[in-house]
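These notes concern the structure reproduced below.
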Amino acid sequence: MKPAFSLAAILLIAGTAIHAAPHEGSAFIRDYDANHDGQVTRAEFDAGRVARFRATDTNGDGWVSEDEYVAEYSGRLEQQLAASDRSEEKKVEERQRQIRQTHVRFGVLDKDKDGKMTQAEYDASGARAFAEQDDDKDGIITQADAAATAAKQRAAREKADR
């Protein structure tokens, strides 16, 4: 039987359900800032990731299947699309694109290709995301970090487009 979640974990998961794929800075802060002080410590981030992994592991077997991973992401994506002012046609296109990408992402995260994403595999992805957002490498992601990271990402995209 799956253990019960604490109220804090449930609230954290509910708070993160609004936006899918928090890879850009402001979404990252919004999704992982548990104490709402405008920044994310590594401890806040790690706690949020553990809670999200447990919520994704719906059958409580200690690992996440591709179906569980896609279902969890789909739920967040549907909430994001429901709040969007895009046309229904654009929402359908975005949904299809995002779900295809979610399957690809699972394959990348499942490093040993056994069809089971372990907490360690999931954590490795999180560590990369945190490191990318922590521009000044002080272990705390602030709005300044988010802005610097976004500027670097824009510059890289512009360079690639040339």
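A short reminder: the numbers here are calculations on the coordinates, not readings from a lab. Just so it is clear, the structure is predicted and the values come from calculations on it, not from any experiment. We place every Cβ from the backbone using ideal geometry, glycine too, and count neighbours over all the protein chains shown.
For the reader, a short list of remarks on this structure follows.
- Cβ-derived FRET efficiency at R0 30 Å, ALA83 paired with GLN143, nearest 0.05: 0.85
- Spacing of the modelled spin labels on ALA120 and ASP61, each 7 Å from Cα toward Cβ, amounts to 1.9 nm.
- Residue (of THR142, LEU81, VAL64) at the positive-pole extreme of region 7-161, dipole from beta-carbon charges: LEU81
- Summing charges over all other residues whose Cβ lies under 14 Å from the Cβ of GLU121, with Lys and Arg as +1 and Asp and Glu as -1, gives 0.
- Between ARG30 and ARG97, residue separation times 0.36 nm minus the direct Cα-Cα distance comes to 21.7 nm.
- If you take all other residues with their beta carbon under 14 Å from the beta carbon of PHE106, and give Lys and Arg +1 and Asp and Glu -1, the sum is -4.
- Cα→Cβ-extended label distance, 7 Å offset, between LYS90 and ASP46, nm: 4.1
- Tensor-based shape of region 103-151 (alpha-carbon gyration tensor, a/c under 1.5 rounded, otherwise prolate or oblate): prolate
- Mean-position separation - Cα centroids, region 32-84 and region 127-159, in angstrom: 21
- Cβ-based net charge around ALA83, under 15 Å, with every Lys or Arg adding one and every Asp or Glu removing one: +1
- Average silhouette area of region 7-161, convex hull of alpha-carbon atoms, in square nanometres: 10.2
- Karplus-derived HN-Hα couplings along region 68-82 (A = 6.51, B = -1.76, C = 1.60, θ = phi - 60°), whole Hz, x at Gly and Pro: 5, 4, 5, 5, 4, 5, 4, x, 5, 5, 4, 5, 5, 5, 4
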